[in-house]
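To keep things clear, I will list the structure first and then write my remarks on it.
The values are calculated or read from the model by the stated rules, or taken from the named source; none is laboratory data. Quick caveat: nothing in here was measured; it's all calculated off a predicted structure. Virtual Cβ from ideal backbone geometry, glycine too; neighbours counted across all protein chains shown. Heads up: the accessible areas ignore ligands, DNA and RNA and are worked out on the full protein's heavy atoms, side chains in. Shrake-Rupley method; radii C 1.70, N 1.55, O 1.52, S 1.80 Å.
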Amino acid sequence: MTKKIATLHPRNPHQGRYDLTALVKTYPALQAHITQNPRGEETVDFSDDKAVVCLNAALLAHFYQVPNWQIPAGYLCPPIPGRADYIHYIADLLAEMNSGEVPTGKRVKALDIGTGANCIYPILGHRSYGWGFVGTDVDKVAAKTANVIVQANPGLNKAIKIVLKKTPGSMFKGVIKHSDKYSVTVCNPPFHASMEEAAAGTERKIINLHKGKAAPTNTTKLNFGGQHTELWCEGGELRFVKDMASESKDFSQQVSWFTSLISKSENLEPLEAHLTAIGAKQIRVIPMSQGQKVSRILAWSFMDTDEQQQWASEQW
């Protein structure tokens, strides 16, 4: 059963309002995108795609020592606090295998399915805990951009590897080699089942940002960004994660925890039933909340707790 949670993870550094003064000091380009809300407080226009990208760049420079980060127009620009929450919660999951202590360093190897042009999870995971990452994507521009980010920032190139997945339709095959061992996999799946559904979702976000008013026509296209492979696929989130779960069974002894972000709560019951049917020994639903947005992580393993602890003692 999923319990409600109202705050960010305790280790998440993005608590409360953004300190825009500090962010501008680290990343001066942000100053051009700062405006005032009706209460006279400094803020950023979250319906402006350029402002959101610049804010992300400032957050990555200030909190994660990643001064060189940029993505092509139209690619997904994820909210940093929520993505950081995912990393911190899976760190807690791994700590259960390590006597309650979060394992750190490149001995912990993580796999990001669909890393995107933004490369967010590998960046946050490595800078927060020193983990090694492999990030995969089927989009050539996304994979190339992620690799440019990795190569442009000191330290990332020694810990993060970006792989262009040349065979769409599978998540792990061709990526996890016979001798590979991964502590955890992460994924931000395409949520929607069609381009129309994705467009409607973006429109709702913009209307919410404009307090229920219709959004200006020039802000409806790129505010949050996202390519086809990032936003939608046939069958949507449910089909994508179900297929991922089915394939994960073939790598049951090479990965301690498989995980995925789940946007739609109604998808949990059928996914948990599927995981039980294919023999998962552990299934977890980890709730997350960032302000008004509620989501959750679905985690599963084909190892029991004793097997995981043995696995961890050999790998870490």
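Summary of computed values
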quantity	calculated
In Hz, Karplus ³J(HN,Hα) per residue of the stretch 100-111 (6.51, -1.76, 1.60; θ = phi - 60°; x = Gly, Pro)	x, 9, 5, x, 10, x, 6, 5, 8, 10, 10, 10
Label-point separation in nm, residue 249 to residue 269, each point 7 Å along Cα→Cβ	2.3
Net lengthening on full extension, residue 95/residue 141 (0.36 nm per residue, minus Cα-Cα)	13.1 nm
Whichever aspartates and glutamates have a C-alpha closer than 14 Å to that of residue 173, once near sequence neighbours (fewer than 8 apart) are set aside	112, 137, 243, 247, 250
Spacing of the two label points (7 Å from each Cα toward its C-beta) at residue 21 and residue 36, in nm	1.6
Portion, in percent, of the accessible area of the stretch 1-84 that falls on carbon or sulfur, probe 1.4 Å	55
Ranked packing of 44-55, 17-28, 243-254, 124-135, most packed first, by mean Cβ within 10 Å	124-135, 44-55, 243-254, 17-28
Computed lengthening from residue 70 to residue 166, 0.36 nm per intervening residue step minus Cα-Cα distance	32.2 nm
Whole-Hz ³J(HN,Hα) from phi, Karplus 6.51 cos²θ - 1.76 cosθ + 1.60, for the stretch 143-158, glycine and proline x	5, 5, 5, 4, 5, 4, 4, 4, 6, 8, 10, x, x, 5, 5, 8
Members of 161/181; 25/140; 106/144; 144/264; 109/144 lying beyond 26 Å, as alpha-carbon distances in this model show	25/140; 144/264
Residue-normalised accessible area of the stretch 105-154, given per residue in Å² at a 1.4 Å probe	31
Rounded percent of accessible protein surface that carbon and sulfur make up, the stretch 111-165, 1.4 Å probe	55
